[in-house]
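Input: a single structure, listed below in structure tokens.
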Amino acid sequence: MSFPELKPNAVRYHPDETVEQLRGPVVTTDVEDSAMSLALSLAAVSLQNGNPPVGAVLINNATGKTWANRTDDKTTRNLVRHGEMVAYFDAQPEVGDDLSDCTLVTTAELCSSCTPHYAEGRIGKIIYAAPRAYVFPLTNIMRPRNINMPDLLKDGNTDTTVIENYRMIESLGLFATYGALKGVRVPKKAGKFLLGISRGTITPEPVARQVIAAPNLQAA
Ligand SMILES: [Zn+2]
């Protein structure tokens, strides 16, 4: 299976289980873009410590407060210590069980362990960098599953905007390093894009140009 380069894309999951493709340029605010920068640096720390490079930032849009953390599930041997969950544990005393005013920014598509909690909290917006399907050929982690984030959001009573593949190349570069350290060889059939990422010949464009002025796609 070949994995061509993807562009950022925005989708909205409605409470009635419909899914809407949001047209037009993918929009992120400065705060969201800075959150992704922070998530990527936390992911690099996870990588240095021997964990998958996942960093996550939860933004409470009602108060402007943010919580950032990273994955250390491998080194702590703790199944719930995914960056997304640890950031939520940090935020929980303030945000409680209602995440509808919150945005989760993370370096990888949410897994099927983390998503149900965020769906139950009716997370307002998710911005992720690396699609799960692209991480697997680089790392042999995040294997193909039958139930994934989109299924769980559709199944949940959510009203969530998702921006996918945002700053994907930066995140996939970290995953490629993780895979290389584990001795993973990217199969030729993965295609030019992932091979280029793994060889370091495809590198990210300066990100500033991806930040486009309002209107924000988040539901008013
Ligand atoms: Zn997870």
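The values are calculated or read from the model by the stated rules, or taken from the named source; none is laboratory data. Computed from a predicted model, the values in this text were never measured in an experiment. Here the Cβ is made from the backbone with ideal geometry for all residues, glycine too, and neighbour counts use every protein chain on show.
Would you call A56 in a helix (DSSP H, G or I) and small (G, A, S)?
Numbers: in a helix (DSSP H, G or I): no; small (G, A, S): yes.
No.
I'd like to know if the stretch 103-110 contains one or more residues that are out of contact with any Ser or Thr (no Cβ under 8 Å at 6 or more places or on another chain) and away from the ligand (no atom under 15 Å from the Cβ). Yes - at least one qualifying residue is present in the stretch 103-110. Among the residues of the stretch 52-68, the one identified as within 12 Å of the ligand (Cβ to nearest atom) and over 20 Å from I163 (Cα atoms) is P52. With respect to being farther than 21 Å from E205 by Cα and at pLDDT below 95, L22 fits the description. Residue count for the stretch 70-110 satisfying the condition of being surrounded by 20 or more Cβ atoms within 10 Å (Cβ to Cβ) and either without any contact (Cβ under 8 Å) to a residue 60 or more places away in the chain or touching a His at 6+ places or on another chain (Cβ under 6 Å) (or both): 17. Number of residues in the stretch 114-157 that are among the aromatic types (F, W, Y), surrounded by fewer than 24 Cβ atoms within 10 Å (Cβ to Cβ) and under 22 Å from Y88 (Cα atoms) equals 0. Hey, among the residues in the stretch 46-69 that are touching a helix residue (DSSP H, G or I) at 6+ places or on another chain (Cβ under 7 Å) and touching a residue at least 60 places away in the same chain (Cβ under 8 Å), which one's surrounded by the most Cβ atoms within 10 Å (Cβ to Cβ)? By that ranking, first place goes to P53. Taken over the stretch 12-35, the criterion of being in contact with a helix residue (DSSP H, G or I) (Cβ under 8 Å, 6 or more places away or on another chain) and under 17 Å from C102 (Cα atoms) is satisfied by Y13, T28, D33.
Consider S46 carefully, then state whether it is assigned to a helix (DSSP H, G or I), hydroxyl-bearing (S, T, Y) and away from the ligand (no atom under 16 Å from the Cβ). Spelling it out, it is not the case that S46 is assigned to a helix (DSSP H, G or I), hydroxyl-bearing (S, T, Y) and away from the ligand (no atom under 16 Å from the Cβ). Scanning the stretch 71-88 for residues that are within 12 Å of the ligand (Cβ to nearest atom), not acidic (D, E) and not in a loop (DSSP other than H, G, I, E, B) yields G83, M85, V86, A87, Y88. Within the stretch 145-163, residues that are closer than 17 Å to S100 by Cα have Cβ atoms under 9 Å from residues that are assigned to a strand (DSSP E or B) and small (G, A, S) in these pairs: T161/A10; V162/A10; I163/A10, counting only partners at least 6 apart in sequence or on another chain.
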